[in-house]
Amino acid sequence: VYIVDLETKETTANGLFTSKEPYQVVENTDSAHYISMIMIEKNTNILEISKIFYSNEVFWPYIFQQNASISNVLDIPKGTVIRIPRVHSSLLDMSNKENVNAIKHLGDSLLLDITKKRKEALQPKDFY
């Protein structure tokens, strides 16, 4: 069952709805843990999704950690379903420098891991 959030839609000249956002809201089967579940409608990146849901792109690691299907944080393909986790407001407070530094550090660490895995995947395999 798909649920369309009319706040993310606008009317075109021909009267059809088009999405302002790069996603469509889908049924949230776990509202205790996720504020939303979305399906990507046009290729986007996790930074943009973080900015939409958490008002700042620095918080992308929260989304990434809950979505193992995301292999490239800079290019999430159309059709990918993403869970947007509930995060306590204190962890999203940009004035709390300690939390902001911690999430930036986590993001850097995740990017290093992603880069390492991609390099390993591109390395030629030795066949004996």
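The values are calculated or read from the model by the stated rules, or taken from the named source; none is laboratory data. This structure is a prediction, so every number in the text was calculated from the model and none was measured. Please note: Cβ atoms are built from the backbone with ideal geometry, for glycine as well, and neighbour counts cover all protein chains shown. Note: areas computed on protein heavy atoms with side chains; ligands, DNA, RNA excluded. Shrake-Rupley method; radii C 1.70, N 1.55, O 1.52, S 1.80 Å.
Just to check your reading of the model, which residue among Asn67, Asn56, Asn43 is at pLDDT 95 or above, polar (S, T, N, Q) and under 21 Å from Arg118 (Cβ atoms)?
None of the others qualify; the one that does is Asn67.
Which numbered condition in (1) over 15 Å from Leu111 (Cα atoms); (2) in contact with a helix residue (DSSP H, G or I) (Cβ under 6 Å, 6 or more places away or on another chain); (3) without any contact (Cβ under 8 Å) to a residue 24 or more places away in the chain is the only one that Glu57 fails?
(1)
For segment 87-111, name all the residues that are over 16 Å from Ile46 (Cα atoms) and open to solvent by 80 Å² or more (accessible area, probe 1.4 Å).
His88, Ser89, Ser95, Lys97, Glu98, Asn101, His105
Residues in segment 34-64 that are outside any helix (DSSP H, G or I) and among the basic types (Lys, Arg): how many?
1
Name the single residue that is nearest to Thr115 (Cα to Cα) among those in segment 70-86 being aliphatic (A, V, I, L, M) and crowded, with 16+ Cβ neighbours inside 10 Å.
Val73
Evaluate segment 90-103: report whether one residue or more is modelled with pLDDT under 95 and closer than 25 Å to Glu27 by Cβ.
No.
Would segment 27-39 turn up any residue that is hydrophobic (A, V, I, L, M, F, W, C) and within 19 Å of Thr115 (Cβ to Cβ)?
no
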